[in-house]
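Visitor: Sharing a structure here in structure tokens format.
The values are calculated or read from the model by the stated rules, or taken from the named source; none is laboratory data. Because the structure is a prediction, the values reported are computed rather than measured. Backbone-built Cβ (ideal geometry, glycine too); neighbour counts: all protein chains shown. When the accessible area is computed, the model is the full protein with side chains, heavy atoms only, and any ligands, DNA or RNA have been set aside. Shrake-Rupley method; radii C 1.70, N 1.55, O 1.52, S 1.80 Å.
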Amino acid sequence: MSIWITKTKKINNQTVTFHRFNTVVVGAGAAGMNCAVHLYEFMEQKGVDNPQDKIAVVTAGLGLGASRMSGSDKQTYYKIGTSPDVPDSAEDFAKSLTAGGCCHGDLALAEGIGSLREFYHLVQVGVPFPHDSMGTYIGYKTDNDPNERATSAGPKTSKFMSECLQKELERYGVKIQDQQEVAHLLAVGTGKSKRLVGVVTIDKKNISKSNYAINVFLGSNIVLAAGGPGELYKTTVYPRGQLGIHGLAFKTGLIGANLTESQFGLASTKFRWNVSGTYMQAIPRIFSTDADGKDEKEFLADIFGSMSKMATNIFLKGYQWPFDPQRIENLQSSLIDILVFNETQKGRRVFMDFLHNPPGSDTIEEFDINALEPEAKEYLQKAGALQKTPIERLAHMNTPAIEIYKENGIDLYLESLEIAVCAQHNNGGFAVNNWWQSNIVQTFIIGEMAGTHGVKRPGGSALNAGQVGGLRAAEYIVNVYGYKMADYSDKQSEIDRQLSDFIAGFERYKSSTGFDPEQVLEEIRSRMTLSSGHIRELNDAQKALTEAVQLYKDIGQKGFNTKIPEDIITAIQAEHLALTSVAYLKAVVELLRRGSGSHGSHLVLSEDGVEIHPDVIDKATEKPLKFKSENKSLRSSILQIEYDEGAPDLFRSSSAGLRPAPSDRKAFEPAWQDYREGKIY
Ligand SMILES: Cc1cc2nc3c(=O)[nH]c(=O)nc-3n(C[C@H](O)[C@H](O)[C@H](O)COP(=O)(O)OP(=O)(O)OC[C@H]3O[C@@H](n4cnc5c(N)ncnc54)[C@H](O)[C@@H]3O)c2cc1C
């Protein structure tokens with residue numbers, strides 16, 4: 001039998017190009033790049049010839065995705081403590097990851113154990129994490145972090161990570177398949193013998209009216225690292241164009257976990273960027289205006305009632321960044337998110353003004369750094385950030401935080417920054433085991449697509465999890481599944497049939513009575529922000545789910561009306577994002593039905609709940625907003641969602657118990673034997 005690497009075939013009047021690899025990695029963010037680097041290295045260590053030809057990295061765009069395009073004042077990487085005098089351990093690290101519940105102990109421990117190995121790997125490939133003259137990587141405190149485990153290479157940490165890892169891959173000679181929009185996942189077999197055998201893409205550079213430029217990347221192993229479903233929300237700080245491939249993944253049978261646990265927080269909207277850390281620690285003035293930018297109002301002042309309380313809470317938002325319903329009562333920092341949202345609900349706009357301190361009024365005293373509560377005052381004193389204005393304090397603590405806005409057309413010395421409560425990250429995703437293998441054998445899911453985080457993750461742990469997941473997946477693939485190129489000659493007829501159906505489906509994208517793909521995307525985003533955002537209510541979510549299911553079914557019936565070939569890609573995205581939104585809403589409804597209360601990064605409304613403040617009104621009822629406290633009994637399980645075409649809501653839900661962190665510790669010799677004999681896998 002001849003060994004082919006690339007071949008073309010005519011299917012349904014289209015030329016389809018097949019490429020064969022051992023492992024296909026989808027996504028060129030920090031997670032996907034790292035996995036590809038480790039795959040190469042593990043193969044090379046095993047003496048495999050030309051590992052670079054066995055690995056493909058497939059991406060819709062090298063410059064796209066959260067790693068390349070997102071960040072904050074100092075984008076955080078959360079790792080095990082590296083202080084020379086403060087001890088830390090993987091078990092303690094894992095405890096921080098599991099503290100909010102709904103998080104598997106084995107994954108958290110693996111993220112702890114692999115943390116330093118991956119951190120130093122990044123140092124080695126050139127990510128400029130700062131250290132002192134003795135070589136200590138200095139830490140600081142981040143959200144939900146009891147220690148000082150966080151570090152940062154500046155506002156663009158994850159961009160540097162992806163770029164440095166890319167350089168390493170290029171040195172190794174691994175080719176990146178750029179501009180390939182994943183449009184279908186090829187799965188064969190059923191039940192336990194189901195396999196994902198390849199990824200079908202449209203080459204965005206070459207699509208035309210008559211040529212859909214279809215590529216098929218076949219792999220013995222598939223690693224999905226396509227990031228979060230950022231464009232699911234209207235109010236979002238995910239970068240533009242980051243949709244992910246969740247809908248396609250659900251359709252092939254991959255199981256979603258903790259989908260309800262999206263994180264929300266304050267971010268700038270003109271240029272999408274998180275305003276965490278020093279942006280808040282500089283204590284800017286926060287004010288609202290009407291829709292035209294007029295009628296300025298100091299809306300926080302009346303509610304907080306004292307300058308010291310208000311300014312301290314603005315400061316605390318720095319490292320209490322995600323919206324947290326457990327930080328609302330008794331004038332805590334997440335009350336700011338609620339008040340910002342309350343203003344935007346009234347059609348007003350909210351801004352951060354770095355040129356002025358929060359102003360005093362008839363009811364509250366003038367700003368005075370010395371009157372801040374001790375946590376804020378001591379931090380600023382230690383940082384030497386006692387300058388007169390917020391912009392001076394910010395410039396003193398973190399000039400790159402000002403420069404990043406300048407690079408993107410916003411001069412914080414001249415203009416105020418418009419902000420909103422935005423979707424930022426999904427702690428949930430797809431279920432994986434402790435080697436990041438999904439419920440489909442030989443399919444691995446890493447990075448933000450993997451639902452490993454539970455309800456509350458310390459800030460920065462997403463980047464750590466993405467690195468450790470990639471390392472673990474690569475190690476398992478090479479040591480357990482080997483390095484043979486994919487050979488699906490016995491399944492070719494099934495593959496051809498699927499491709500023929502896939503190509504025939506393009507007719508649905510040219511229906512004169514079909515939907516406008518952009519309008520569908522807009523409808524999905526608006527619904528998700530309204531009903532699956534940081535404020536949720538069962539009847540509303542149920543209504544949204546019914547509408548989302550109907551939209552998906554209508555798309556199946558009517559198709560899309562596209563005018564130019566490139567619109568076909570938008571139509572494909574809209575179709576799978578429509579299914580993604582059904583899955584997320586199904587999860588929201590199911591969790592609310594199980595009696596969940598406010599936890600993680602969302603608030604659950606309840607008429608007999610806790611009142612936030614008489615002035616904070618529920619828009620639907622026009623009564624004061626009341627929320628339900630957390631139902632802690634739900635911490636010990638994970639809500640899972642699985643596609644089921646026949647189910648009324650297209651998905652069925654189940655509850656998975658938490659896997660504990662293994663606590664058995666073997667002596668060196670038996671552990672060595674297990675390792676030599678490959679029993680560790
Ligand atoms: C504003 C902001 C600030 C953040 N700050 C922090 C922080 O401080 N610390 C932290 O730990 N985390 C932070 N995060 C989260 C973190 O940045 C992401 O979770 C992480 O970068 C995701 O990496 P990834 O490799 O999984 O996916 P991404 O970096 O999102 O990469 C996804 C890849 O998949 C590709 N792709 C997507 N869809 C398709 C498709 N259909 N076909 C082909 N390719 C596709 C994209 O082109 C891209 O290459 C932040 C996120 C945001 C939005």
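Visitor: Farthest toward the dipole's positive end in the stretch 67-183, which of Gln179, Thr157, Ala99, given Cβ charges of +1 (Lys, Arg) and -1 (Asp, Glu) about the Cα centre?
Guide: Gln179
Visitor: Calculate the spin-label point distance for Thr8 paired with Asp49, positioning each point 7 Å from the Cα along the beta-carbon direction, and give it in nanometres.
Guide: Result: 2.8 nm between the two label points.
Visitor: Based on the Cβ-Cβ distance from Lys194 to Glu392, what FRET efficiency comes out when R0 is 60 Å, to the nearest 0.05? Each step should come with its number before you reach the end.
Guide: Values: r = 60 Å, r/R0 = 1.00.
Result of the calculation: an efficiency of 0.50.
Visitor: With a 1.4 Å probe and all protein chains in place, put His602, His121 in order of accessible area, largest first. Before the final figure, lay out each step's value.
Guide: Details: His602 5, His121 30 Å².
Descending accessible area places them as His121, His602.
Visitor: Follow-up. Cβ neighbours within 10 Å, averaged per peptide: list 580-591, 533-544 in order, most packed at the top. Before the final figure, lay out the partial values.
Guide: Values: 580-591: 26.6, 533-544: 20.2.
So the peptides 580-591, 533-544, ranked by packing, come out 580-591, 533-544.
Visitor: Remind me, relative contact order of the chain in percent, using alpha carbon pairs under 8 angstrom and six or more residues apart? Walk me through the intermediate numbers first.
Guide: Details: 1519 pairs, mean separation 131.9, N = 681.
The value is 19 percent.
Visitor: Keeping the other protein chains in place, figure out the carbon and sulfur percent of the accessible area of the stretch 350-495, with a 1.4 Å probe.
Guide: Values: 2670 of 5490 Å².
It is 49 percent, rounded to a whole number.
Visitor: Show me, bin by bin at 5 Å from 0, the whole-percent P(r) of the stretch 584-681 based on Cα pairs.
Guide: Pairs per bin, as whole percents: 3, 10, 14, 13, 11, 10, 10, 8, 7, 5, 3, 3, 2, 1.
Visitor: May I have the extent of the alpha carbons of the stretch 154-302 along their three principal axes, as whole Å values ordered from largest to smallest?
Guide: Here the spans come out as 62, 39, 37 Å, largest first.
Visitor: Sort the following peptides by mean Cβ neighbour count (other Cβ atoms within 10 Å, averaged over residues), highest first: 178-185, 301-308, 463-470, 545-552. Working shown, then result.
Guide: Details: 178-185: 22.2, 301-308: 17.9, 463-470: 29.0, 545-552: 19.5.
Packing order, densest peptide first, comes out as 463-470, 178-185, 545-552, 301-308.
Visitor: Work out from phi, with θ = phi - 60° and the Karplus expression 6.51 cos²θ - 1.76 cosθ + 1.60, the ³J(HN,Hα) of each residue of the stretch 8-25, listed in order in whole Hz, and give x for Gly and Pro.
Guide: 10, 8, 8, 10, 6, 6, 10, 7, 10, 9, 9, 10, 10, 9, 7, 10, 10, 9
Visitor: Computed FRET efficiency, Cβ-Cβ of Gln519 and Glu622, R0 35 Å: what is it to the nearest 0.05? Show your work: numbers first, answer last.
Guide: Values: r = 30 Å, r/R0 = 0.87.
Between Gln519 and Glu622 the formula returns 0.70.
Visitor: Taking every DSSP beta bridge with both residues inside the chain, roughly what % is antiparallel (nearest 5)?
Guide: Working: 62 of 86 bridges.
Close to 70 percent.
Visitor: So, for the chain, what is the accessible surface per residue at a probe of 1.4 Å, expressed in square angstrom?
Guide: Working: 26590 Å² over 681 residues.
With the other protein chains kept in place, the chain gives 39 Å² per residue.
Visitor: Take the cross-link list Lys10/Lys251; Lys159/Lys586; Lys175/Lys270; Lys510/Lys586 and give me the ones stretching past 28 Å between alpha-carbons. Please report the intermediate quantities before stating the final value.
Guide: Numbers: Lys10/Lys251 26 Å; Lys159/Lys586 33 Å; Lys175/Lys270 35 Å; Lys510/Lys586 30 Å.
Going by Cα-Cα distance, Lys159/Lys586; Lys175/Lys270; Lys510/Lys586 fall outside the 28 Å limit.
Visitor: For the stretch 308-365, just list the percent of Cα-Cα distances falling in each 10 Å bin from zero outward, please.
Guide: For the stretch 308-365, the binned pair fractions read 21, 49, 30, 0 percent.
Visitor: Let me ask something else about it. I need the semi-axes of the equivalent ellipsoid of the stretch 489-630: take the C-alpha gyration tensor, multiply each eigenvalue by 5, square-root it, list largest first in whole angstrom. Mind showing how you got there, number by number?
Guide: Numbers: eigenvalues 310, 63, 22 Å².
Rounded to whole Å, the semi-axes are 39, 18, 11.
Visitor: Okay, moving on. If the label point is 7 Å along Cα→Cβ of Thr363, which residues in the stretch 276-298 have backbone nitrogen under 14 Å from it?
Guide: Of the residues in the stretch 276-298, 297-298 have backbone N under 14 Å from the label point off Thr363.
Visitor: Above 21 angstrom, tally the Cα pairs of the stretch 39-120 and express them as a % of all pairs, no decimals. Don't skip to the answer; put the middle values down first.
Guide: Details: 1930 of 3321 pairs.
I get 58 percent for the Cα pairs in the stretch 39-120 exceeding 21 Å.
Visitor: Across all directions of projection, what mean area in square nanometres is found for the Cα convex hull of the stretch 524-584?
Guide: Average projection, Cα convex hull of the stretch 524-584: 4.3 nm².
Visitor: Then there is this: From the gyration tensor of the Cα coordinates in the chain, what semi-axes in whole Å does the equivalent ellipsoid have, largest first, with each one equal to sqrt(5λ)? Each step should come with its number before you reach the end.
Guide: Details: eigenvalues 333, 183, 111 Å².
Working through the eigenvalues yields semi-axes of 41, 30, 24 Å.
Visitor: Assuming 0.36 nm per residue, please report the length gained on full extension of the stretch Gln124 to Ser633 beyond their Cα-Cα distance.
Guide: Details: separation 509, 0.36 × 509 = 183.24 nm, distance 4.34 nm.
Extending this stretch completely gives an extra 178.9 nm.
Visitor: If I compute solvent accessible area with a 1.4 Å probe over the protein chains, what percent of it on the stretch 181-261 is carbon and sulfur? Each step should come with its number before you reach the end.
Guide: On the way: 1090 of 2180 Å².
Result for the stretch 181-261: 50 percent of the exposed heavy-atom area is carbon or sulfur.
Visitor: Separate question: If packing is taken as the average count of other Cβ atoms within 10 Å, what order do 220-227, 610-617 fall into, highest mean first?
Guide: Numbers: 220-227: 30.5, 610-617: 15.2.
The packing order, highest mean first, is 220-227, 610-617.
Visitor: Additional query: If the cut-off is a Cα-Cα distance under 12 Å, which aspartates and glutamates reach Lys156, setting aside same-chain residues fewer than 8 apart in sequence?
Guide: Within the straight-line limit of under 12 Å, Lys156 reaches these aspartates and glutamates: Asp73, Glu403.
Visitor: Could you work out the equivalent-ellipsoid semi-axes for the stretch 1-139, taking the square root of 5 times each eigenvalue of the Cα gyration tensor, largest first, in whole Å? Before the final figure, lay out each step's value.
Guide: On the way: eigenvalues 285, 65, 58 Å².
Working from the Cα gyration tensor, I get semi-axes of 38, 18, 17 Å.
Visitor: Next up: Out of residues 5 or more away from Ser629 or on other chains, whose amide H comes under 5 Å of its own, with H placed 1.01 Å from N in the peptide plane?
Guide: Ser598, Val610
Visitor: Tell me, what HN-Hα J-couplings in whole Hz come from the Karplus equation 6.51 cos²θ - 1.76 cosθ + 1.60 at θ = phi - 60° for each residue of the stretch 470-478, using x for Gly and Pro?
Guide: Ordered by residue, 3J(HN,Hα) equals x, 4, 5, 4, 5, 4, 5, 4, 5 Hz.
Visitor: Something else about it: For the stretch 409-512, what is Rg from Cα atoms divided by 2.2 N^0.38 Å, rounded to two decimals?
Guide: Working: Rg = 21.2 Å, N = 104, 2.2 N^0.38 = 12.8 Å.
Dividing the Cα Rg of the stretch 409-512 by 2.2 N^0.38 Å gives 1.65.
Visitor: Determine the principal axes of the Cα atoms in the stretch 349-445, then give the extent along each, sorted from largest to smallest and rounded to whole angstroms.
Guide: That works out to 64, 35, 29 Å along the principal axes.
Visitor: Continuing with the same structure: Hey, any idea what % of the stretch 546-681's accessible area is carbon plus sulfur with a 1.4 Å probe?
Guide: Reported share for carbon and sulfur atoms: 49 percent.
Visitor: Please find the FRET efficiency linking Asp554 to Asp106, where r is the Cβ-Cβ separation and R0 is fixed at 41 Å, and quote it to the nearest 0.05.
Guide: Working: r = 42 Å, r/R0 = 1.02.
Efficiency computed from Cβ-Cβ geometry: 0.45.
Visitor: A further question on this structure: Where the convex hull is taken over the Cα atoms of the stretch 270-327, what is its projected area averaged over directions, in nm²?
Guide: On the way: hull surface 19.8 nm².
So the Cα hull casts an average projection of 5.0 nm².
Visitor: Relative to the present Cα-Cα distance, how much length would full extension add between Glu170 and Arg665 at 0.36 nm per residue of separation?
Guide: Gain on extension, Glu170 to Arg665, equals 174.3 nm.
Visitor: At 0.36 nm per residue, and after removing the present C-alpha to C-alpha distance, how many nm does the segment from Tyr481 to Glu677 gain when stretched out fully? Provide the component values of the computation, followed by the final result.
Guide: On the way: separation 196, 0.36 × 196 = 70.56 nm, distance 1.50 nm.
Using 0.36 nm per residue and subtracting the Cα-Cα distance, I get 69.1 nm.
Visitor: Here's another thing I want to ask about it. In whole Hz, what ³J(HN,Hα) sequence does the stretch 71-83 give by Karplus (6.51, -1.76, 1.60; θ = phi - 60°), x for Gly and Pro?
Guide: Running phi through 6.51 cos²θ - 1.76 cosθ + 1.60 with θ = phi - 60° gives x, 8, 4, 9, 4, 9, 10, 9, 9, 4, x, 10, 5 Hz.
Visitor: Hey, how many Å between the Cα centroid of the stretch 297-349 and the Cα centroid of the stretch 402-447?
Guide: 23 Å
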